[in-house]
Structures are given as structure tokens and as C-alpha cells.
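The values are calculated or read from the model by the stated rules, or taken from the named source; none is laboratory data. These numbers were taken from a predicted model, which means no experiment stands behind them. Backbone-built Cβ (ideal geometry, glycine too); neighbour counts: all protein chains shown.
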Amino acid sequence: MKEALLYSIMGLGAGGFFALMAMGIVTAYKGSGVINFAHGAIAMYVAFQFFYLRNEGIFHLPWFDILPTKTLNLPVRFSLNNGVGVNVWLAAILAMATALLLGAGIHYLVFKPLRNAAPLGKVIGAIGVMTYFLGLASLQFGSQIPNPEAVLFKNKTFKNFLGLGGQVSYESLAFAALSIIIGGAVWWFYTYTRAGLATRAAAGNEKGAVLLGYSPDRLALYNWMLAAALAGVVGIFSGTITGSLGVGKFTGLIVPALGAALIGGMSSIPLAVAGGLVIGLLQNFTGTWMVSQHWFPEWGQSGIREAVPLIIIVVVLFTRGKSLPVRGNIEEKRLPLAPYPQRVGKYVAVFVPLGFIFAAGL
């Protein structure tokens, strides 16, 4: 029993990771009714930004020269310290500024035009944003997998933690505590501030919020920036938990984060935080202690950790699916019918050669 409890506690760090991700998903949903599948990709980009600032002093800009000839000559990065890493605090500030700008840009360029679109259109927009950042990160950072240093503590552990006979890292407990503190701050924002209360009102009845003098677009902007800031915190502290960075590493974490957000009903910050911590505990419990027991079937050992959040999502949707909130938009439009294609031959003759030119240039 002590061993099982110890392995569960070791999952608190990952649980804090999921809790912060879930808070960002809930925040974006409150602001514009979007289930942000790109949240992990935003955290990934900020993580790389922080890593290169801290280690090489290089600041990357979130775009690329779309022409294969590079004739636009767009700046995509610049050095702040002649190839030498900057102070960790400056790197964190610049990384968080990047996250805030990404949140504002995503709102204005993608989801503001889709504010009255059907839910499927918003989902496609989120997947498009995710694909963009995955491609951008591949172009800017390549396929390398750096190993960032921990931010909170470095290789410090509690020995014989709570008399359980094992070691628990400082980073794991500190990150879980950080997620609870940030969760409390976000809950306070939505409960006691004017902007937070207006966001909750607009999420329930957008037309009523407009009649009271609040701008849904401005509220959505604030919430997208807050959601991106939460993703930025995940990116900055990712080295504390994950130990390594990869372009596609964060996108898979959207599944446990979405499970935690669903536990919170896509509206409750405290329940989303609790859900993230519980998922982290369960994943470590099943993926380390249970699989080591002689009675656990061999065929289930390889994927049981990844199955935990999926099972939670299925159970929540089955038991509480009808009670999950739907954001009250002023007007919800259906997606237009796809037009019948005309003059296909002309388009093929023009765009196929252009596609080959771009592919050859890239």
C-alpha cells in the first residue's frame, strides 16, 4: 500500500501540468466557445522560445518567409546577447510576452472572424492553428530534442517522503503547488473581478452582456491572452516535468488536459485543477505500480497510462454530456454548402505548377 501511494504522489508533477493545460482550455472556452486543440502547440512554441533565449539568447518570431526564394526577407529571429544565453528571468518575461502576443494574434486572425461560426468551423480553426505552430516549430527549431534545465529546483528530492520509503522530487511537488496557486488566482479573477464576471455573463448570454455594455470581442481577447499565458507557464516550466522538448510532444497532452477540463464541466476552474491532479495521480499509479504487479495482464501494460484520460473523457461525456455548457452566442450560423466546382482545369493548370515550384524551393 505504501508503494502504491508513493507512486501515485510521484504523479503530482504531471498532474499540475495537466491542471494548467486544462485551465487554459476552460479559459478559451469561456471567452469564445472554442475547444482549443492548439493549446498544447502554443505551450510547445513558448517552451522552445524560452529554451533558446535562456541558452543562446535567440528570440524567434512566430512567422516565416512563405516564398521559397526568400524574397520577402522577413526577419524570423534575432540575437539578443551575441549567441550567449540571457538571464532566466529575462527569458521568462520575453517568453510570456510571446505567449500574450500569440493569444492576441490567434484571436484577431482566426477566432474573431469565426465568432459566429458553427462549432465545427471553430474546431477546424483550432486544428489549423495547431498545424501552423507544429510546422513553424519544425522550420525554426528542426527535429532536435533539447533537454532544458529545471526552473524551480535542480535534482533535489525528499528522501523517505512521509515515511513511505521512497524519494519524491521537489520539482514535482512545487509544480503541483504552483498549479493550485495559479488556479486559485484564475478562480478569483472569474469570481470577483469585473472582467471575469462579464466573461461568465457573456458565456451564458452574449446578447445580455452586449445590452449591459460589454464587448464580446474584447472579452474574448482578454480570455485568449489569459489562456495563452497559462500555456506559456506550462512551456516555461516544461523542463521541470518533461525533461525534454519535442515539436509534437505537447500536442498529445491535450487529451489528459481535455479530460480534466471536462471534469470541470468546461466552466469550473477548481474542478479542472483537481481533475488534472487526479489524472496525473492515476496515470502514474496505473503506469508504474499496477503494471509491476504479477496479476496485471501483460497485454495491457504498454498503453494503460495513455488510456486513463481517454476512459475519463468517455465516462464524463456518457454521464454528464447533456449538462455540459454551451456558450450563448448572439447568432450561430451553419456552415455554408460546398459549391459545385467550376473551371477545374484552369485551376489545376495554374496551381499545380506553382505547388511544384514551392515544394522545390522549400
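Could we say that Val26 is closer than 13 Å to Leu226 by Cα and of a type in the set (A, V, I, L, M, F, W, C) here?
On the way: closer than 13 Å to Leu226 by Cα: yes; of a type in the set (A, V, I, L, M, F, W, C): yes.
Judged against the criteria, Val26 is a match.
Taking only pairs six or more apart or across chains, which ones have beta-carbon atoms under 6 Å, a first residue in segment 166-187 that is free of Cβ contacts under 8 Å to residues at least 12 places away in the same chain, and a second residue that is outside any helix (DSSP H, G or I)?
That search, which allows pairs on different chains as well, returns Gln167/Thr157; Gln167/Lys159.
Six or more apart or on different chains, Cβ atoms under 8 Å: show the pairs whose first residue is in segment 2-30 and free of Cβ contacts under 8 Å to residues at least 24 places away in the same chain and acidic (Asp, Glu) and whose second is crowded, with 24+ Cβ neighbours inside 10 Å and part of a helix (DSSP H, G or I).
none
Testing Lys30 on (1) at pLDDT 90 or above; (2) part of a helix (DSSP H, G or I), one condition comes back false. Which one is that?
Among (1) at pLDDT 90 or above; (2) part of a helix (DSSP H, G or I), Lys30 violates only (1).
Can you find, within segment 183-206, the residue that is nearest to the chain's Cα centre (by Cα) among those that are assigned to a helix (DSSP H, G or I) and among the polar types (S, T, N, Q)? Break it down into steps so the answer makes sense when it comes.
Of all residues in segment 183-206, those assigned to a helix (DSSP H, G or I) come to 183-192, 194-204, 206.
With the extra rule that they be among the polar types (S, T, N, Q), the set shrinks to 191, 199.
On the way: Thr191: 23, Thr199: 20 Å.
Checking each candidate, the answer is Thr199.
Give me the residue from segment 98-117 that is over 17 Å from Tyr45 (Cβ atoms) and aliphatic (A, V, I, L, M) and, out of that set, surrounded by the most Cβ atoms within 10 Å (Cβ to Cβ).
If we take residues in segment 98-117 being over 17 Å from Tyr45 (Cβ atoms) and aliphatic (A, V, I, L, M), then Ala117 is surrounded by the most Cβ atoms within 10 Å (Cβ to Cβ).
Which one of these is under 16 Å from the mean Cα position of the chain (by Cα), modelled with pLDDT under 80 and within 27 Å of Asn223 (Cα to Cα): Gly321, Gly239, Gly276, Gly259?
Numbers: Gly321 fails: under 16 Å from the mean Cα position of the chain (by Cα); Gly276 fails: modelled with pLDDT under 80; Gly259 fails: modelled with pLDDT under 80.
Just a single option satisfies the conditions, and that option is Gly239.
Out of Leu94, Leu120, I need the residue that is surrounded by fewer than 21 Cβ atoms within 10 Å (Cβ to Cβ), within 30 Å of Gly355 (Cα to Cα) and of a type outside the set (Gly, Ala, Ser). Which one?
Working: Leu94 fails: within 30 Å of Gly355 (Cα to Cα).
Only one candidate passes the filter, namely Leu120.
Of these, Leu109, Leu120, Leu139, which one is more than 19 Å from the chain's Cα centre (by Cα) and closer than 27 Å to Tyr52 by Cα? Step through it out loud before you land on a result.
Details: Leu109 fails: more than 19 Å from the chain's Cα centre (by Cα); Leu120 fails: closer than 27 Å to Tyr52 by Cα.
The unique qualifying residue is Leu139.
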